[in-house]
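Down below is the structure, laid out as structure tokens.
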Amino acid sequence: MTAPLRSSDPITVGVSLGDRSYQIVIGRGLVASLGRKIAALRPGAKVAIVTDATVARHHLAAAEAALAAERIAATPITVPEGESSKSFAWLETVCEALIAARIERGDLVVALGGGVVGDLAGFAAAVTRRGLDYVQVPTSLLAQVDSSVGGKTAIDTKHGKNLVGAFHQPILVVADTALLDTLSPREFRAGYAEVAKYGLLGDEAFFAWLEANWQEVFAGGPAREHAIATSCRMKAAIVARDERETGERALLNLGHTFGHAFEAAAGYSQRLLHGEAVALGMALAAEFSARKGLLPEADAARTRRHLAAVGLPTFVSQISGGPPGIDRLMELIAQDKKVSRGMLTFILLRGIGQSFIARDVDAAEVRAFLIEKLAERC
Ligand SMILES: NC(=O)c1ccc[n+]([C@@H]2O[C@H](COP(=O)([O-])OP(=O)(O)OC[C@H]3O[C@@H](n4cnc5c(N)ncnc54)[C@H](O)[C@@H]3O)[C@@H](O)[C@H]2O)c1
Ligand SMILES: [Zn+2]
């Protein structure tokens, strides 16, 4: 698996979902062609650009200019940055703004932002006027490799994250890799955890390629496009086979059962970003798999080594403010995944690139494992 050595034409990845199929276009500088792409797809359509305040500061003007160049009328709708915008209150604001901007069926919503904007704008599009089409223009690495693809949209409720939402596929995803240059290094690194996840869950050669080329991915050369395209290809293939997560799509949750518990315990705050929690969760899932005799110890060590090399946390003791207690942790794990008769569902590994859904993991075994990990220092 080798990446092109020179900057190349945009890479297109298809998501095959019958009459809801769409393309993910990946490349440096693509925002400049946003107007052209939208005009080709929806001649005469009006557009509302939903974004957050930080992304607006960096990239809204370029998106507006690209639309203006094709004489596409565009109304910006800006929400505050951060998870708290995935709320009923901001959903209402966005829906009302779409209606006020006279966005009708046949017009388009453009989600310009990270996963928060993508989830909120996508859900607003799903419910406003009983369903508007939308285009994802993901601006974080996490959004480019994960949240913008696959059609899951949602807001949070007081009971938890992503509890009210819809499956609503975009009609196009435009991933401009240059937009990531303004992302903070910490956010970029957190998004990279999801990139590494694709290698771990289903593609050993990609994982090995990342081990050798991750610095280039961070630096922003053609390796970045290759890593994003490879990630999107894998997600697209899984989504095409299991759009509504009745089976295989659950593999995308590798590292997420442990990860979500730590993320929730840290209050979904800057103490532990989602991707950081996923990195820690993947290290733990690998180690737990080794503990059960499913995965060679060397593969668990290799998993941790790569995540640690890029600066992601792999030890519980690295969580700022300290880890939660074992009872709280087990409560959160039980909430995240259905428990039946003391058995939990986890995504485990048989090798690098060989994940599987284990539906019969003994909660007592997980507890004993975590007690040990909570006592460990890195
Ligand atoms: N729908 C799905 O399938 C799916 C999958 C994974 C995650 N998610 C959701 O995605 C969200 C997390 O996404 P995220 O990590 O992108 O968070 P985010 O959208 O909050 O973005 C992270 C931060 O980076 C800033 N930012 C984004 N792009 C930037 C850029 N180009 N330059 C400078 N700053 C930029 C944002 O303003 C924000 O402060 C969560 O709500 C999660 O539930 C959804
Ligand atoms: Zn994730």
(request) Could you name every one of the helices (runs of 4 or more DSSP H) located completely within the stretch 175-265 that has at least 3 residues being more than 16 Å from ligand 2 (Cβ to nearest atom)? (result) 204-219, 222-241
(message) Checking the condition open to solvent by 10 Å² or more (accessible area, probe 1.4 Å) and within 24 Å of Ala32 (Cβ to Cβ), which residue from Gly131, Gly115 passes?
(response) Gly115
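Of the residues Ser148, Ser140, which is within 16 Å of ligand 2 (Cβ to nearest atom), closer than 21 Å to Leu60 by Cα and open to solvent by less than 10 Å² (accessible area, probe 1.4 Å)?
On the way: Ser140 fails: open to solvent by less than 10 Å² (accessible area, probe 1.4 Å).
Just a single option satisfies the conditions, and that option is Ser148.
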(message) I need a count of the residues in the stretch 331-369 that are open to solvent by less than 30 Å² (accessible area, probe 1.4 Å), touching a residue at least 60 places away in the same chain (Cβ under 8 Å) and within 26 Å of Tyr268 (Cα to Cα).
(response) 8
(request) Filter the stretch 206-226 down to residues that are over 17 Å from Arg304 (Cα atoms), in contact (Cβ under 8 Å) with a residue 40 or more places away in the chain and not charged (D, E, K, R) and give me whichever is most open to solvent (accessible area, probe 1.4 Å). (result) Phe218
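Results for (1) within 16 Å of ligand 1 (Cβ to nearest atom); (2) not small (Gly, Ala, Ser), shown as yes or no for each residue.
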{"residue": "Ala279", "(1), (2)": "yes, no"}
{"residue": "Ala285", "(1), (2)": "no, no"}
{"residue": "Arg304", "(1), (2)": "no, yes"}
{"residue": "Ala308", "(1), (2)": "no, no"}
{"residue": "Thr314", "(1), (2)": "no, yes"}
{"residue": "Leu349", "(1), (2)": "no, yes"}
{"residue": "Arg367", "(1), (2)": "no, yes"}
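I need the full set of residues from the stretch 39-49 which are over 24 Å from the mean Cα position of the chain (by Cα) and either of a type in the set (A, V, I, L, M, F, W, C) or modelled with pLDDT under 95 (or both), in order please.
The first filter runs over the stretch 39-49 and keeps only residues over 24 Å from the mean Cα position of the chain (by Cα), leaving 39-47.
Correct list: Ala39, Ala40, Leu41, Ala45, Val47.
For the stretch 98-107, check the following and say yes or no: at least one residue is assigned to a helix (DSSP H, G or I) and either under 25 Å from Leu252 (Cα atoms) or under 14 Å from the mean Cα position of the chain (by Cα) (or both). Quick ask: steps written out before the conclusion?
Of the stretch 98-107, the ones assigned to a helix (DSSP H, G or I) are 98-100.
Still in the running and either under 25 Å from Leu252 (Cα atoms) or under 14 Å from the mean Cα position of the chain (by Cα) (or both): none.
No, that holds for no residue.
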(request) Tally the residues that are open to solvent by 40 Å² or more (accessible area, probe 1.4 Å), of a type in the set (D, E, K, R) and in contact with a Gly (Cβ under 9 Å, 6 or more places away or on another chain), restricting the search to the stretch 258-315. (result) 1
(request) Determine which member of the set Ala56, Ala48, Ala74 is in contact (Cβ under 8 Å) with a residue 60 or more places away in the chain and open to solvent by less than 50 Å² (accessible area, probe 1.4 Å). (result) Ala48
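The values are calculated or read from the model by the stated rules, or taken from the named source; none is laboratory data. Since the model is a prediction, treat every value here as computed from it, not as a measurement. Positions of Cβ are backbone-derived with ideal geometry, glycine not excepted, and every protein chain shown enters the neighbour counts. We work out accessible area using only protein heavy atoms, side chains counted, and drop any ligands, DNA or RNA first. Shrake-Rupley method; radii C 1.70, N 1.55, O 1.52, S 1.80 Å.
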